[in-house]
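The values are calculated or read from the model by the stated rules, or taken from the named source; none is laboratory data. This one's a predicted model, so the numbers in the text were calculated from it and none came from an experiment. Here the Cβ positions follow ideal geometry from the backbone for every residue, glycine too, while neighbour counts run over all protein chains shown.
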């Protein structure tokens, strides 16, 4: 009966355009960091749009903003779907925002069709997914899953604590409220998120939908190689304890290690800080930021172990000391088979080709998966570009996102 139901594509595209103006930059990007004035304006935009069509709007203790289409069924559980409105600094208009706008459009479409469903439907925008305010990403979903602690809200990334607390208050967030935002798993039936891929695979293959099977875990470390500062002109090369030389050797070998022995894994060195930092001094200290990702938990652990063993080996070869400081970790998350099946069934219904794939970017879905059945799908990012003003997902793919989310949600309301 609902097989031919479609979203209002003009309304969806108009909403994406309108939202892109909130925090919009001259180069076509969006600067809407969490808890900023632009983020607060985007929240008001979401509330206004939802209330205009008589949807119930709520905000929980961590600031997650929800629009709800209630069920009349006694004891009904909730199917949740959405993403996030905040952006990285000077980012793009589709990352996160597409998932929220598509979720809102799904609710409006179901409401206009006057569908009476056995589940509550909830379109949600999570707080500070990017971690630009708190320094820790996936904040809203971690609050919803009961995975926040007070420490997470006491070390803001870019401002003094007093200013940060004022931002929290302006958003309606208190620390006690944030710690009490956990949703009871028994009230939830499923979670689904649509997101732009943020990589080139779908665009390269010309496939419109990527069905996510798992989200990579992420381990991060600070590695510090310590050698000896010497005069760069007078100390022979074979007598130097050059920390940067050791760091460079480690970075190259670790990439080769992952590429040769850990299929599906990636590693990155995103920053090296060298001291004393002068033309004529052999570097005494090299401080490296290391990130390791894999969608398989066991392989992720083995890969991290191998990389850290390699760092020790390089330090010995170069006569250096090594300090390892684990920074943060997010465990891999496997998508629920029943949610994967619902997405693929909806793809078949809509005649949309799809490909199964892992996600190497972190998403709220990996957190929500700890408390309910969860799934996710991607639509293409042109050229794989994301976290950039040049981020682009074509209108047709945005419309596909909305229609596929609609029919996946409908299938989830029918399933056990």
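Counting residues in the stretch 59-67 that are over 21 Å from residue 145 (Cβ atoms) and touching a residue at least 24 places away in the same chain (Cβ under 8 Å) gives zero. Looking across 202, 223, one residue alone is part of a helix (DSSP H, G or I), in contact with a strand residue (DSSP E or B) (Cβ under 9 Å, 6 or more places away or on another chain) and more than 18 Å from residue 333 (Cβ to Cβ). It is 202.
Listed here are the residues, each with its yes/no results for (1) crowded, with 24+ Cβ neighbours inside 10 Å; (2) within 15 Å of the chain's Cα centre (by Cα); (3) not in a helix (DSSP H, G or I).
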| position | (1), (2), (3) |
| --- | --- |
| 327 | no, no, yes |
| 341 | no, no, no |
| 348 | no, no, no |
| 361 | no, yes, yes |
| 378 | yes, yes, yes |
| 391 | no, no, yes |
| 401 | yes, no, no |
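So residue 66 passes all but one of these: (1) under 18 Å from residue 108 (Cα atoms); (2) in the same structural domain as residue 121 (by TED's automatic domain parsing); (3) touching a helix residue (DSSP H, G or I) at 6+ places or on another chain (Cβ under 8 Å). Which condition number does it fail? Every listed condition holds for residue 66 apart from (3).
Do we find a residue being assigned by TED's automatic domain parsing to the domain that holds residue 406, part of a loop (DSSP other than H, G, I, E, B) and touching a strand residue (DSSP E or B) at 6+ places or on another chain (Cβ under 8 Å) anywhere in the stretch 102-116?
First, pick out the residues of the stretch 102-116 that are assigned by TED's automatic domain parsing to the domain that holds residue 406: 102-116.
Applying the additional criterion that residues be part of a loop (DSSP other than H, G, I, E, B) yields 113-116.
Now narrow it down to the ones that are touching a strand residue (DSSP E or B) at 6+ places or on another chain (Cβ under 8 Å): none.
So far as the stretch 102-116 goes, no, none of its residues is assigned by TED's automatic domain parsing to the domain that holds residue 406, part of a loop (DSSP other than H, G, I, E, B) and touching a strand residue (DSSP E or B) at 6+ places or on another chain (Cβ under 8 Å).
Do we have residue 317 as farther than 20 Å from residue 203 by Cβ, free of Cβ contacts under 8 Å to residues at least 60 places away in the same chain and either part of a helix (DSSP H, G or I) or touching a strand residue (DSSP E or B) at 6+ places or on another chain (Cβ under 7 Å) (or both) here? For residue 317, the condition - farther than 20 Å from residue 203 by Cβ, free of Cβ contacts under 8 Å to residues at least 60 places away in the same chain and either part of a helix (DSSP H, G or I) or touching a strand residue (DSSP E or B) at 6+ places or on another chain (Cβ under 7 Å) (or both) - is not met.
Each row is one residue, and each column tells you yes or no for (1) at pLDDT below 95; (2) part of a loop (DSSP other than H, G, I, E, B).
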site	(1), (2)
6	no, yes
17	no, no
42	no, no
47	no, no
57	no, no
68	no, no
75	yes, yes
80	no, no
94	no, yes
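Checked against (1) part of a loop (DSSP other than H, G, I, E, B); (2) surrounded by 15 or more Cβ atoms within 10 Å (Cβ to Cβ), residue 233 passes all but condition (2).
Within the stretch 276-291, not a single residue is in a helix (DSSP H, G or I), surrounded by 15 or more Cβ atoms within 10 Å (Cβ to Cβ) and in contact with a helix residue (DSSP H, G or I) (Cβ under 7 Å, 6 or more places away or on another chain).
Remark: pairs (first residue in the stretch 138-152, at positive phi; second residue in a helix (DSSP H, G or I); Cβ separation under 8 Å; 6+ apart in sequence or on different chains) = 138/364; 138/366; 138/367. Of all residues in the stretch 303-332, those being in contact with a helix residue (DSSP H, G or I) (Cβ under 9 Å, 6 or more places away or on another chain) and at pLDDT 95 or above number 15.
Taking the listed residues 131, 99, the one that is in a loop (DSSP other than H, G, I, E, B), in contact (Cβ under 8 Å) with a residue 12 or more places away in the chain and over 17 Å from residue 172 (Cα atoms) is 131, with no other qualifying.
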